[in-house]
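The values are calculated or read from the model by the stated rules, or taken from the named source; none is laboratory data. This one's a predicted model, so the numbers in the text were calculated from it and none came from an experiment. Quick reminder, even Gly has a Cβ in these numbers, built from the backbone with ideal geometry, and neighbours come from all protein chains shown.
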Amino acid sequence: MQYVTAQKAREEARLELTSVTYKEKMGKTLANPRFIPVQELHSHHEDAIQTCLEAVSKVQPLTQKQINVVREHLGKIYEGYKETNVQKQSSKAPAIGIDLGTTYCCVACFQNDQIEVVPNDIGEDTTPSYVQFNEDDEDIVMGMTAKSSAYLNPEGTIFDIKRMCGRHFEDQEIQKLKKYWPFQIVVAEDGKIKIKLKKQNLFPEEVLVNLVAHLKNRADEYLNDTVINAVVTIPAYFNPRQKTLTNE
């Protein structure tokens, strides 16, 4: 039983390493705002896979079966990149810049020969980095609405999200911070952090998705078009996994 568990852990670690490596390489390719021809994009995909296989093979040579598993795993991620690439042909919205701050977020774009800050839903230039889960964790509010009503639902109001991304439960910084958080965090099977909610436990990255989606949707409304390209600020101290998760 222990052998099976250890083997599964190694397989999951291998897939995570390949995911991070693949997304970092393909992310640079997709950062180009222009549509990339299908064959060219596929060539980048194959190059990225080869880079991933070489990286994990340095740890331990892979069998053909393991190579196939990696290819299938990365192929699913590639489908999302292909869809994004196709959307570039129809969207005329400018690229946006998202300053994903620990305390506040800000969104801006360049149009009409000037930089325009995208106001949030109450007309302010910055949005508090707060996500609040109410009822059965399905009623979710963000920003100032979440922050101003935090006292009514402290256990379900999550902040400092970026500090948790990519870190493990036993991280010294996390152990210090959790003493001051009104919400609870628990340790996941792999040692990572999960945030305890009423009906479920979520990874910090899953919570962050709600905030980024909120900012992106607000930009869609402001520009009256679907935003495809975005530049997101990433702290210099972020490790590769944290960078990849933020980009996602």
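Of all residues assigned to the stretch 92-106, at least one qualifies as being closer than 17 Å to residue 221 by Cβ, more than 21 Å from the chain's Cα centre (by Cα), surrounded by fewer than 16 Cβ atoms within 10 Å (Cβ to Cβ) and modelled with pLDDT under 90.
Flag set for residue 141, criterion: in the same structural domain as residue 176 (by TED's automatic domain parsing) and modelled with pLDDT under 95.
Among the residues of the stretch 205-248, write down those that are within 22 Å of residue 140 (Cα to Cα), hydroxyl-bearing (Ser, Thr, Tyr) and either at pLDDT below 85 or buried (at least 19 other Cβ atoms within 10 Å of the Cβ) (or both). Listed by number, the list holds a single entry, 246.
Against the numbered list (1) within 23 Å of the chain's Cα centre (by Cα); (2) in a strand (DSSP E or B); (3) within 29 Å of residue 29 (Cβ to Cβ); (4) among the hydrophobic types (A, V, I, L, M, F, W, C), residue 110 comes up short only at (1). The strands (runs of 3 or more DSSP E) located wholly in the stretch 120-213 that include 1 or more residues which are of a type in the set (A, V, I, L, M) occupy 131-134, 139-142, 184-187, 193-196. Being more than 14 Å from residue 161 (Cα to Cα), more than 20 Å from the chain's Cα centre (by Cα) and either touching a residue at least 40 places away in the same chain (Cβ under 8 Å) or not assigned by TED's automatic domain parsing to the domain that holds residue 130 (or both) is a condition met by no residue of the stretch 180-196.
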